[in-house]
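K.L.:
Structure incoming, see below.
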Amino acid sequence: MLVSLEEAVQLLQKGSLVAVPTETVYGLAARFDDEKAIEQIFTLKGRPRNNPLIIHIAKASDALPFITTSPPGFEQLAAAFWPGPLTCVLPATEKISSVVRANLSTAAFRVPSLGVTQKLIEMTGPLVMPSANISGTPSATSYKHIEADFGKDFPVLKGEGCLRGVESTIIIFQNSSWVVGRLGAIPLEEIAAVLGVMPIVLKKTSDTAPLCPGLLHKHYAPKAHLVFGEENQSKATHILGFFERSYPSDKTVFYLGSLNKPEEVARNLYTLLRKLDECRVDCAWIDMDFPKQGLWKTISERVFRAANA
Ligand code: TXA
Ligand code: MG
């Protein structure tokens, strides 16, 4: 159910959850200081309690009361990318509920750029928002996706849509340097240009798990079995491919976009992964023959995780 800005503010103030569009994906919002509503986020999503939430703020300085130090490089990152799809994990004070932090000594912050989301946060104060989807499934990038996961009556703030289509890039300050906890809408090359070094990307190991719980959990996967590589094409009835390519005529092709427009491909990715399930597809083949730098690197990582590969 679409709701206006004023209705969304009222709902959040009385302790309800509201799905909120951002420039990346929809978020499932609760007020930062409403522990009961925050508990409901975990229950509604089926989200493991050891997976912390991002705190969405209106401007960079709003993070300052909640962090113990402002690490070197933070101001530059904030100036370059906020408002926008970068999430910074910073040393947190005890003012942040341990439920939000999942008992870590850090907390994640982001300033979203979509106009209506900014206005909402200015009116309600900081909002915690995980992606608005059932845990493990592809994130929601349209109002219809929220309806599919949470029902037609679930309140969704009216907004312009998720133009980036993939989640924010997460960057974590640890041991005096910045490491990437999740590839995302901001390519690594752009972050390197600000920091002066290419940040390391964390891989899923027992060492990184405590630092970046999101690496541990299943993510972005449709029910359909997703395969790639020429040898697997014959298993599939459907293909996720590119406008410039031709594919076997006995398959149904869903087009991700153009090989010249990774932004378009990122924007369409979750919609098409969800469309596979809407069409009850058992097995789909995805064309992975695309570049592996810039935003393509994020697209490739999402596809691997969607395929549980
Ligand atoms: O684009 C986005 O980031 C979207 C929109 C709604 O802002 N949000 C989003 O939230 O993707 P979620 O909850 O689906 O993913 C947040 C990720 C999780 O993998 C979580 O583990 C990680 O952020 N995270 C949160 N707090 C953290 C912390 N203190 N240290 C390390 N990782 C953290
Ligand atoms: Mg998520």
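K.L.:
Determine the pairs where a residue that is farther than 16 Å from GLU39 by Cα and within 9 Å of ligand 1 (Cβ to nearest atom), located within the stretch 126-147, has a partner that is small (Gly, Ala, Ser) and at pLDDT below 95 with Cβ atoms under 7 Å apart, the partner being 6 or more residues away or on another chain.
P.N.:
none
K.L.:
Quick one: which residue in LYS218, LYS292, LYS261, LYS275 is modelled with pLDDT under 95 and away from ligand 1 (no atom under 16 Å from the Cβ)?
P.N.:
Exactly one residue qualifies, and that residue is LYS292.
K.L.:
Let me ask something else about it. Just give me the residues in the stretch 1-18 being in a loop (DSSP other than H, G, I, E, B), surrounded by fewer than 17 Cβ atoms within 10 Å (Cβ to Cβ) and either touching a residue at least 40 places away in the same chain (Cβ under 8 Å) or of a type in the set (Ser, Thr, Tyr) (or both), in sequence order.
P.N.:
Across the stretch 1-18, the qualifying residues are MET1, SER4.
Conditions tested, residue by residue: (1) among the hydrophobic types (A, V, I, L, M, F, W, C); (2) at pLDDT 95 or above; (3) more than 18 Å from the chain's Cα centre (by Cα).
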{"position": "GLY15", "(1), (2), (3)": "no, yes, yes"}
{"position": "ALA29", "(1), (2), (3)": "yes, yes, no"}
{"position": "PHE32", "(1), (2), (3)": "yes, yes, yes"}
{"position": "PHE42", "(1), (2), (3)": "yes, yes, no"}
{"position": "PRO48", "(1), (2), (3)": "no, no, no"}
{"position": "PRO52", "(1), (2), (3)": "no, yes, no"}
{"position": "PRO65", "(1), (2), (3)": "no, yes, yes"}
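K.L.:
Can you find even one residue in the stretch 198-215 that is among the aliphatic types (A, V, I, L, M), more than 14 Å from ligand 1 (Cβ to nearest atom) and crowded, with 17+ Cβ neighbours inside 10 Å?
P.N.:
no
K.L.:
Of the conditions (1) farther than 23 Å from PHE66 by Cα; (2) out of contact with any Cys (no Cβ under 6 Å at 6 or more places or on another chain); (3) crowded, with 16+ Cβ neighbours inside 10 Å, THR141 satisfies every one except a single condition; which number is it?
P.N.:
With (1) farther than 23 Å from PHE66 by Cα; (2) out of contact with any Cys (no Cβ under 6 Å at 6 or more places or on another chain); (3) crowded, with 16+ Cβ neighbours inside 10 Å applied to THR141, the lone miss is (2).
K.L.:
Would you please name the residue that is farthest from THR141 (Cα to Cα), looking only at residues in the stretch 277-294 that are crowded, with 21+ Cβ neighbours inside 10 Å and of a type outside the set (Gly, Ala, Ser)?
P.N.:
TRP285
K.L.:
Which members of the stretch 19-63 meet the condition of being of a type in the set (Phe, Trp, Tyr) and not in a helix (DSSP H, G or I)?
P.N.:
Across the stretch 19-63, the qualifying residues are TYR26, PHE32.
K.L.:
Specify the residue that is farthest from ILE186 (Cα to Cα); the eligible residues are those in the stretch 19-64 that are surrounded by fewer than 23 Cβ atoms within 10 Å (Cβ to Cβ) and among the hydroxyl-bearing types (Ser, Thr, Tyr).
P.N.:
Across the stretch 19-64, the extreme among qualifying residues is THR43.
K.L.:
In the stretch 169-180, is there at least one residue being part of a loop (DSSP other than H, G, I, E, B) and crowded, with 18+ Cβ neighbours inside 10 Å?
P.N.:
No, every residue in the stretch 169-180 fails to be part of a loop (DSSP other than H, G, I, E, B) and crowded, with 18+ Cβ neighbours inside 10 Å.
K.L.:
Give me a count of the residues in the stretch 113-168 that are part of a loop (DSSP other than H, G, I, E, B), in contact with a strand residue (DSSP E or B) (Cβ under 9 Å, 6 or more places away or on another chain) and acidic (Asp, Glu).
P.N.:
Count: 1.
K.L.:
Still on this structure, please answer the following. How many residues are in a loop (DSSP other than H, G, I, E, B) and either in contact with an Asp or Glu (Cβ under 8 Å, 6 or more places away or on another chain) or more than 16 Å from ligand 2 (Cβ to nearest atom) (or both) when one looks only at the stretch 93-112?
P.N.:
Matching residues across the stretch 93-112 total 10.
K.L.:
Before we move on, is LYS204 within 16 Å of ligand 2 (Cβ to nearest atom), free of Cβ contacts under 8 Å to residues at least 24 places away in the same chain and either closer than 30 Å to VAL111 by Cβ or more than 18 Å from the chain's Cα centre (by Cα) (or both)?
P.N.:
yes
K.L.:
Go through the stretch 233-249 residue by residue and tally those that are without any contact (Cβ under 8 Å) to a residue 40 or more places away in the chain, of a type in the set (S, T, N, Q) and under 16 Å from ASP289 (Cα atoms).
P.N.:
Total meeting the criteria: 1.
Table: residues versus (1) within 16 Å of ligand 2 (Cβ to nearest atom); (2) more than 23 Å from ASP287 (Cα to Cα).
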site	(1), (2)
VAL179	no, yes
VAL197	no, yes
PRO213	yes, yes
HIS225	no, no
ASN232	no, no
ALA236	no, no
PHE243	no, no
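K.L.:
Name the pairs: first residue in the stretch 259-276 and crowded, with 19+ Cβ neighbours inside 10 Å, second residue assigned to a helix (DSSP H, G or I) and among the basic types (Lys, Arg), Cβ to Cβ under 8 Å, at least 6 apart or on different chains?
P.N.:
LEU269/ARG302
The values are calculated or read from the model by the stated rules, or taken from the named source; none is laboratory data. Predicted model, so just to flag it, every value in this text is computed and none were measured. Every residue, glycine among them, receives a Cβ derived from its backbone with ideal geometry; neighbour counts consider all protein chains shown.
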